[in-house]
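The values are calculated or read from the model by the stated rules, or taken from the named source; none is laboratory data. Predicted, not measured: the structure shown is a model, and the values here were computed from it. Here the Cβ is made from the backbone with ideal geometry for all residues, glycine too, and neighbour counts use every protein chain on show. Note: areas computed on protein heavy atoms with side chains; ligands, DNA, RNA excluded. Shrake-Rupley method; radii C 1.70, N 1.55, O 1.52, S 1.80 Å.
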Amino acid sequence: MSETSPLISIRGITKSFGNFIAVDNIDLDINEGELFVLLGGSGCGKTTLLRMLAGFEKPTSGTISIEGSDMTGVEPYARPVNMMFQSYALFPHMSVERNVGYGLKREGVARAERKKRVDEMLEMVELEQFSKRKPHQLSGGQRQRVALARCLIKRPKVLLLDEPLGALDKRLREQTQFELMKLQDRLGTTFVVVTHDQEEAMTLATRIAVMDQGKFVQVGTPAEIYEMPQSRFVADFIGSINMIDGVVKSISGNTLTIHAESDDANYTVESNDQIEIGDQVSLAIRPEKIHVDAYDADNNSNPSEQKSDNTDKTDNRFIGTISEMAYLGGTSTLRVTTRGGRVFQVTSTNRKRHLTGKHDLDWDDQVEISFSPSNAIVLKS
Ligand SMILES: Nc1ncnc2c1ncn2[C@@H]1O[C@H](COP(=O)(O)OP(=O)(O)O)[C@@H](O)[C@H]1O
Ligand SMILES: [Mg+2]
């Protein structure tokens, strides 16, 4: 196998259950050492795809090859793959060390070698002092590490993890995300992780595949998925975003003017996509890419700023009122209602300390919001 050929090659994989298509004609390459995340809502086919990689589910059509070998007809145990189940599936009556060593025992690895590898693995997941405990004597996070150790001890080329952090509470989950990344980095094992949690996907992944109804809707690095979503679905699914529906009114170079009927306003956005005048599009802009400043109507004599609507303006600058505000510590989330009646979600960074509870900006304040055409995205579907 050459250095550039992918570790996992999926071609035209489909899985039907009766008339229902759970995984729909997916192509994907995963490279060695990646932490690849399958992200999507419940029922979109993530687990089914993972089970086909593991060999627990037989594809209806298509092929999977790992390290250049076709996996069709290869039993799960014979694949260079191990799967960590959502439930962890630990043996309740066995101690931690017996749980971890179970796979090696079944393979007939000699006792001394087994002991050495179990100790090594327990050290890796920082569970040395818990080796004699039973699963019920452990915390959720520790049980998860036992499950990980049990999978990794067989030194698979690929570890498949189905919602590995799903059973943990939020705080522990964040901490465990970093442990998982550290472990993956240290071992160099390729991980394929399933999650429905977009923040988790963004944190963990080298690349993400966003799934919907059995299909991949976009595959890319976390930054690509966040900054350049290719569809409304992805833009909506990952993080918060303001979506403005409108019609392309004019095009000049790569700058488009979009007219939105609902607030009778024009918006300007840069795009290199193939778009024509008259196209129905959505402009998408992230809350943190919108500037917000206090607006003092009395001290603002610039007539163009005084206009009650912004129909003729093309620099995405609007006057509005703070209709909602949530203080989140490092940032505040604002809802600003423009004079045209559109509500923008805006994130502002709290740079100064305000122990009095009084903020620079507050409910019912008049503000001016603006965003750069290069920070907005145009979506056609
Ligand atoms: N063995 C099965 N028989 C029938 N339908 C199934 C079976 N396994 C999964 N499905 C269906 O396929 C779809 C995808 O399931 P799954 O891959 O578990 O989704 P996810 O893991 O993304 O939540 C769901 O609608 C589920 O009900
Ligand atoms: Mg699932």
Projecting each Cα onto the charge dipole of the chain (Lys/Arg +1, Asp/Glu -1 at the beta carbon, about the Cα centre), which of Leu50, His93, Pro229 comes out farthest on the positive side? His93
Counting only protein heavy atoms and leaving out ligands, DNA and RNA, the solvent-accessible surface of Asp29 at a 1.4 Å probe, in Å² to the nearest 10, equals 60 Å²
Once neighbouring chains are kept in place and the probe is 1.4 Å, which whole percent of the accessible area of the chain is contributed by carbon and sulfur? 47 percent
Using alpha carbons only, how many angstrom separate the centre of region 97-146 from the centre of region 241-285? 58 Å
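Enumerate by residue number the GluC sites (Glu not before Pro) in region 217-306 meeting two conditions: DSSP loop (anything except H, G, I, E, B), and at most 15 other Cβ atoms within 10 Å of the site's Cβ. The partial results should precede the final answer.
Details: sites: Glu224, Glu227, Glu261, Glu270, Glu276, Glu288, Glu305; in loops: Glu261, Glu276.
Sites meeting the loop and neighbour criteria: Glu261, Glu276.
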If you roll a 1.4 Å probe over the heavy atoms of the protein chains, what accessible area per residue do you get for region 178-244, in Å²? 42 Å²
Filter the GluC sites (Glu not before Pro) in region 42-143 to those in DSSP coil with at most 13 other Cβ atoms within 10 Å of their Cβ, and list the result. Glu107, Glu126
Of Leu172, Gly239, Gln213, which is farthest on the positive side of the dipole of region 148-270, counting Cα position, with +1 on Lys and Arg Cβ, -1 on Asp and Glu Cβ, and the Cα centre as origin? Leu172
When ligands, DNA and RNA are left out and all protein chains stay put, how many square angstrom of accessible area per residue does region 1-89 have with a 1.4 Å probe? 48 Å²
In region 1-56, the GluC sites (Glu not before Pro) that fall in loop regions by DSSP, at most 14 other Cβ within 10 Å: Glu3
Based solely on C-alpha atoms, express the radius of gyration and the Dmax of the chain in angstrom. 26.0, 86
